[in-house]
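*Asks:* Got a structure for you, written out below as structure tokens; questions coming shortly.
The values are calculated or read from the model by the stated rules, or taken from the named source; none is laboratory data. Everything numeric in this text was worked out from a predicted model, so none of it was measured. Here Cβ is always computed from backbone atoms with ideal geometry, including for glycine, and neighbour counts include all displayed protein chains. Remember, those area values only see protein heavy atoms, side chains included, never the ligands or the DNA or RNA. Shrake-Rupley method; radii C 1.70, N 1.55, O 1.52, S 1.80 Å.
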Amino acid sequence: MSEPVEKFLCVVNGKQQIMEVPDNTLLLDWIRTDLGLTGTKQSCEVQVCGVCTVLVDGVPVSGCTTLAYEARNSNVMTIEGIRGTAFYQRAEEIFMRHSAVQCGFCSPGFILTVFTLVNAGRKLTEHEIKQALHGNLCRCTGYKSIFEAAIEVINSEVGLGK
Amino acid sequence: MSAPTIDERDLRVESGAVGVNHDRIDGPSKISGKAQYVGDLNVPGMLYGKVFRSQIAHGRITRLDVSIAEAMDGVVAVLVGSDLTDIDPFYGHAIRDRPIVALDRVRFVGEPIAAVAAKTMAQAEAAAKSIIVEFEVLPVAADLDTALAADAPIIHDGKTAAGFAHGLGNLPDRDGNICYSYSLNTGDLGSVTSADNIVVDHEYIFPAVYQYSMETHAVIAEHTGTEIRLWANCQHPFLVQSEIATLFNLPISSVRINVPYLGGGFGSKSYTKMEPIAAALARKAMRPVRIVNEVSESMVTTRRHNMKCRMVTTAKSDGELVSRDVQIWLDTGAYADNGPRVTATAGDAATGPYRWQATQVRAHCVYTNTAPSGSYRAFGATHLQWVGESQVDEIARRAGLDPLEMRRRNLLRRGEVVRVNGKPLDADLIGDIEKVAASLGWGEERKQNRGKGISVGLLAAGAHPVSMASVRMDATAGVSVLVGSTEMGQGTRTVMAQIAAQVLTVPMSTVSVPEADTRFTPYDRSTGASRSTTVAGKAVERAALAVLALLLETAGQIFGVADVSNLDVVDGSITDGKLSKTFSQIIKKRFGFVGGELIGHGEVKPEGGSGSYEEGPVFWEVCIAGAEVEVDKNTGVIKIIRTSSVADVGQAINPAQVERQDEGATLQGIGNALFEEILYSSEGDLLNDSLLDYRIPTILDMPETMNCIIVENGDGPGPFGSKGCGEGALAAIPAAIVNALGDIGIEMYELPLTPERVWKRIQEIQEIQKSK
Ligand code: FES
Ligand code: FES
């Protein structure tokens, strides 16, 4: 009972990929299983926890509730694509300094969210940063260190709003 | 823990590895997404497994038909109970009450009945859906009251089979649905009551809670006929190894477990969980299989016990505590899991660290037709501390005493007996609670609708003190630390590296701590009970000292000195004051060759006695915190203004990691106190089995101020006088919040403190006040 499969193109982290999966395949499964990019994690599967966050044409989406099909012919960016950037280097250094990582399962998702906030280029207040991070869960850290690290990253990239 | 082979030199001065906020050695690989968890691993030929679970809470299986599933595309094997006739399929470290898959009966919604292995996940899921099962439905006991009733359906028949690692002496036989009871008595309760005593007597309810480690349970299993390999996110690989070996009739060494990074544990991955079903499925498929739970499946794999408790505390009119009488019923679900140990620990926590004339504790572990309950961070202590501490506060109010003064008068002092025959108190509780009170601005004028609360407790920590470690130093003086503690976010690999670096006076960058692999990593009982730094860390310290002893031995020959205590170890070199040789020069000299390595072994075992539960604990983990809360009396909504916790750690190996532990535990404590609750219907259906309905704290639930006070009295049994941490705040925070509410007249007897519950209680209290 194999389902009919159509082929699509999709650029993932700057590399062209052929998407050839049943049309009910989740974007998260395609990225993790077919492409072997396991930096994007899976947890709640209901768009609550944020560990599956990826960027589709620059917009953060939950890979667990997005069909791979919806990302056809678009640019997908995962933690593996962000890793090499200057932004990432600074963010990692700041997250490390705040010891804002424990088990690390949530970390790539937080980095993606902070990356999106920085990319928006708008100065955010601490309150706005907190609101923006509330779609990412972390069960280990108690958030304090992540919040402080995120504020520092955003401040150093685009400055903070008043 | 007995003396090591050479003197435990205080090397703190020479090398600054301990007591310093070293970067986590696994931090960059985790932040960048390179770190791999079980669900990220692939083994050649690997299949995908899907478990088929019961939809009813109690019933006899009358028909199980997997023929459609077996014929489906990509399906390699379907495991059912009848595949297990050649082995004794029951497991359970405390009580062997649980079959690998249901044999003829199911006892909770979510119990595994069958499992499919297929070439893709989609195929496995589709096949699992096609399985047909029919039941003769049995009466359900989905809560404690029903399970304890005289006419309750009995969930397990036959004799109680003791598990291999319950560690609680002789397990008595079941009494109805009570699978284990723990009692603790001191003095004579009858003789201490007097007419003018203050008596506080209430019943309390504590909810079932989901640990929610963000990474769900996951395991890859391979069964070659003579060997089982597992890649599992288990906290206790060596206990799992021995349980799997027993199940499948293999020598322990024929089971090999690799433990990559864990995406959180918090107790949910302690002991054996998904490993038996994965191994049995792989055995049938004759290929490796990976099973990764969904959240809804991990929720029914293990949870925290809900509890009912009746407590009576009496005191003299001046606030001097006299007696406490406690009855506890813990809902362990359909299988015991770690319930007996949770029950004993709850019993120990019930009397609190106070001086009594008489106490009586009876704690019961009860089967119900719900998902099995096991360990969750600070188990037992979290259950009881808010109960006991809210009674202490009620007494203080009635005696007209400040809660802090109440505790000063009644708390145990260092060296006093906590539990008869057990370890005496090894901490300064009054000093700790005073620090917390000060940081909350204790005694300052109260703001409207705001209350402050403090709480004190102890948690029996360390589990059984058996750990081994090896430290290897290669010819370039690179160090690897082989230790079984699993890295689940607590930072154990970094801490172990710091301990080894400190002893050996080498830079952190030269020390690596690979994942636990039972084939090469020496035995370590478990990762939990705040034991890794203290117990496994001690083994690492001893292993590193053993390497140092080898280096000194060769250096002694080089320098021609008989007494190596005249030599100094400085920054990776040994010197006699005139000449200095690096470690790698010494190693080269030892072997006369460019290769070779030094291997040191470290061992920790019970100092005296058997290391049994009664003799313990290894140390008393201090559970002390305070909170300031604000209540909206119109809505019942609670806001946590600030929290403060004490990490009484003896010596912080990595202070930043200690703080992160307390902050994480604080948020879990807030979730547990304010809103986390697993809900069951009377039919045993789990009503909130996703994170849409089961809410855990987000960043918006973080208190405005979260303060962790590290106390270093050098009084721990671990390396450099350290002792474990990370659980205390979870036990202490709910109690502090409840007491903060009590401070403004809202005494609560049921958690979580949902707005509805708090609002109703406010109305109730207003009614009572009106009628007076
Ligand atoms: S797994 Fe997608 S949001 Fe949780
Ligand atoms: S570090 Fe473990 S979930 Fe965030």
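*Asks:* For the range B:332-432, which fully contained helices (runs of 4 or more DSSP H) count at least 1 residues that are among the β-branched types (V, I, T)?
*Replies:* Working: elements: B:339-350, B:381-399, B:403-410.
Output list reads B:339-350, B:381-399.
*Asks:* Which residue pairs have Cβ atoms closer than 7 Å, lie 6 or more positions apart in sequence or on different chains, and pair a first residue in the range B:679-703 that is on the phi > 0 side of the Ramachandran plot with a second residue that is away from ligand 2 (no atom under 16 Å from the Cβ) and of a type in the set (A, V, I, L, M)?
*Replies:* B:G684/B:A57; B:G684/B:V109; B:G684/B:V140; B:G684/B:A142
*Asks:* Of all strands (runs of 3 or more DSSP E) completely enclosed by the range B:221-307, which ones contain at least 3 residues that are within 27 Å of B:A529 (Cβ to Cβ) and away from chain A (no Cβ under 14 Å)? Write out each step before concluding.
*Replies:* Details: elements: B:228-232, B:255-259, B:289-292.
Filter on the range B:221-307 gives B:228-232, B:255-259.
*Asks:* While we're looking at this one, here's another question. If I ask for residues that are within 12 Å of the chain's Cα centre (by Cα) and touching a residue at least 60 places away in the same chain (Cβ under 8 Å), which ones from the range A:27-50 would you list?
*Replies:* Once the filter is applied, which keeps residues that are within 12 Å of the chain's Cα centre (by Cα) and touching a residue at least 60 places away in the same chain (Cβ under 8 Å), the range A:27-50 yields A:G39, A:T40, A:K41, A:C49, A:G50.
*Asks:* Report the residue count in the range A:135-161 for those that are closer than 22 Å to A:V101 by Cβ, open to solvent by 30 Å² or more (accessible area, probe 1.4 Å) and away from ligand 2 (no atom under 14 Å from the Cβ). Explain how you work it out, then say what you get.
*Replies:* As a first pass, look at the range A:135-161 and keep what is closer than 22 Å to A:V101 by Cβ: A:135-157.
From what is left, the residues that are open to solvent by 30 Å² or more (accessible area, probe 1.4 Å) are A:135, A:144, A:148, A:152, A:155-157.
Retained after the next criterion (residues that are away from ligand 2 (no atom under 14 Å from the Cβ)): A:148, A:152, A:155-157.
Residues in the range A:135-161 being closer than 22 Å to A:V101 by Cβ, open to solvent by 30 Å² or more (accessible area, probe 1.4 Å) and away from ligand 2 (no atom under 14 Å from the Cβ): 5 in total.
*Asks:* Please determine, by comparing only the residues of the range A:10-25 that are touching a residue at least 40 places away in the same chain (Cβ under 8 Å) and open to solvent by 50 Å² or more (accessible area, probe 1.4 Å), which one is farthest from ligand 1 (Cβ to nearest atom).
*Replies:* Taking the range A:10-25 as the starting set, the residues that turn out to be touching a residue at least 40 places away in the same chain (Cβ under 8 Å) are A:10-14, A:19, A:21, A:23-25.
Okay, now just the ones that are also open to solvent by 50 Å² or more (accessible area, probe 1.4 Å), so A:14, A:23-24.
Details: A:G14: 23, A:D23: 20, A:N24: 16 Å.
Among those that are touching a residue at least 40 places away in the same chain (Cβ under 8 Å) and open to solvent by 50 Å² or more (accessible area, probe 1.4 Å), it is A:G14.
*Asks:* Counting only residues that are open to solvent by 40 Å² or more (accessible area, probe 1.4 Å) and either within 16 Å of ligand 1 (Cβ to nearest atom) or facing chain B (nearest Cβ under 10 Å) (or both), how many does the range A:26-45 have?
*Replies:* Final tally of qualifying residues: 6.
*Asks:* Right, next: Which pairs do you get when a residue that is touching a residue at least 60 places away in the same chain (Cβ under 8 Å) and open to solvent by 60 Å² or more (accessible area, probe 1.4 Å), found in the range A:60-78, comes within reach of a residue that is away from ligand 2 (no atom under 16 Å from the Cβ) and among the charged types (D, E, K, R), reach meaning Cβ atoms under 8 angstrom, with the pair 6+ apart or on two chains?
*Replies:* Here the result reads A:Y69/A:D23; A:N75/A:D57, each pair linking the range A:60-78 to a residue that is away from ligand 2 (no atom under 16 Å from the Cβ) and among the charged types (D, E, K, R).
*Asks:* Filtering the range B:667-684 down to residues that are open to solvent by less than 60 Å² (accessible area, probe 1.4 Å) and assigned to a loop (DSSP other than H, G, I, E, B), which residue is nearest to the other protein chains (Cβ to nearest Cβ)?
*Replies:* Filtering the range B:667-684 down to residues open to solvent by less than 60 Å² (accessible area, probe 1.4 Å) leaves B:667-678, B:680-681, B:684.
Within this subset, residues satisfying the condition of being assigned to a loop (DSSP other than H, G, I, E, B) are B:675-678, B:681, B:684.
Numbers: B:F675: 14, B:E676: 11, B:E677: 17, B:I678: 15, B:S681: 21, B:G684: 23 Å.
Per the stated criteria, the residue is B:E676.
*Asks:* In addition: For the range B:571-620, which residues satisfy the criterion of being under 25 Å from B:V417 (Cβ atoms) and among the hydroxyl-bearing types (S, T, Y)?
*Replies:* B:S610, B:S612, B:Y613
*Asks:* With the structure loaded, tell me whether A:A86 is closer than 20 Å to B:T705 by Cα, of a type outside the set (K, R) and more than 7 Å from every other protein chain (Cβ to nearest Cβ) or whether it fails that test.
*Replies:* Considered against the rule, which asks whether it is closer than 20 Å to B:T705 by Cα, of a type outside the set (K, R) and more than 7 Å from every other protein chain (Cβ to nearest Cβ), A:A86 comes out as no.
*Asks:* Does A:V51 satisfy the condition of being within 11 Å of chain B (Cβ to nearest Cβ), near ligand 1 (Cβ under 9 Å from one of its atoms) and surrounded by fewer than 24 Cβ atoms within 10 Å (Cβ to Cβ)?
*Replies:* no
*Asks:* Taking the criterion of being within 44 Å of the chain's Cα centre (by Cα) and closer than 13 Å to B:M473 by Cβ, would at least one residue in the range B:554-566 satisfy it?
*Replies:* yes
*Asks:* Given the options A:K123, A:K130, name the one that is within 11 Å of chain B (Cβ to nearest Cβ), charged (D, E, K, R) and more than 9 Å from ligand 2 (Cβ to nearest atom). Steps first, answer last, please.
*Replies:* Values: A:K123 fails: within 11 Å of chain B (Cβ to nearest Cβ).
Sole residue among the options that is within 11 Å of chain B (Cβ to nearest Cβ), charged (D, E, K, R) and more than 9 Å from ligand 2 (Cβ to nearest atom): A:K130.
*Asks:* Quick one: in the range A:96-134, which of the residues that are β-branched (V, I, T) and open to solvent by 10 Å² or more (accessible area, probe 1.4 Å) is farthest from ligand 1 (Cβ to nearest atom)? Walk me through it before giving the result.
*Replies:* Of the range A:96-134, the ones β-branched (V, I, T) are A:101, A:111, A:113-114, A:116, A:118, A:125, A:129.
In the following step, the residues that additionally are open to solvent by 10 Å² or more (accessible area, probe 1.4 Å) were identified as A:113, A:116, A:118, A:125.
Details: A:T113: 11, A:T116: 15, A:V118: 21, A:T125: 25 Å.
Top of the filtered list is A:T125.
*Asks:* Out of curiosity, is B:P703 buried (at least 24 other Cβ atoms within 10 Å of the Cβ) and in contact with a Ser or Thr (Cβ under 7 Å, 6 or more places away or on another chain)? Give the derivation first.
*Replies:* Numbers: buried (at least 24 other Cβ atoms within 10 Å of the Cβ): no; in contact with a Ser or Thr (Cβ under 7 Å, 6 or more places away or on another chain): yes.
So B:P703 fails the test.
*Asks:* Tell me which helices (runs of 4 or more DSSP H) are completely within the range B:105-219 and hold 3 or more residues being among the basic types (K, R), or say none if there are none.
*Replies:* On the way: elements: B:121-129, B:144-148, B:189-192.
Here the list is empty.
*Asks:* Still on this model: Residue check, A:A71 against (1) within 12 Å of chain B (Cβ to nearest Cβ); (2) within 16 Å of ligand 1 (Cβ to nearest atom), all met but one. Which one?
*Replies:* Just one mismatch for A:A71, condition (1).
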